[in-house]
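The values are calculated or read from the model by the stated rules, or taken from the named source; none is laboratory data. Since the model is a prediction, treat every value here as computed from it, not as a measurement. Cβ placement follows ideal geometry from the backbone for every residue including glycine, while neighbour counts extend to all protein chains displayed. The accessibility values were calculated without ligands, DNA or RNA, using every heavy atom of the protein model including side chains. Shrake-Rupley method; radii C 1.70, N 1.55, O 1.52, S 1.80 Å.
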Amino acid sequence: LDFHGHSRKKSMFIFGPSYNITQPEYYKCRVFPKLLSNITNIFRYYSCSYDIPNEKRSTARGVMLSEMMIPFVYTV
């Protein structure tokens, strides 16, 4: 988990790993955020994003997913 803040988005949300819908990890990586949204009202599941654009590939989340092969890496 990588924790940091954003000045433009409210509440708590996750940037998750990017998987194709045909991969089993596509749904598995969405379970943790969904559970968080069921536990607390300050977490917004629908504010989460599961895309890693090219300009973000060098971030901790992008590197851990692509180079270190850690399947479920999140920025909270």
Subset of region 60-76 [surrounded by 13 or more Cβ atoms within 10 Å (Cβ to Cβ), among the β-branched types (Val, Ile, Thr) and free of Cβ contacts under 8 Å to residues at least 40 places away in the same chain]: Val63
Every residue in region 19-52 that is open to solvent by 40 Å² or more (accessible area, probe 1.4 Å), assigned to a loop (DSSP other than H, G, I, E, B) and within 14 Å of Thr75 (Cβ to Cβ), please. Asp51
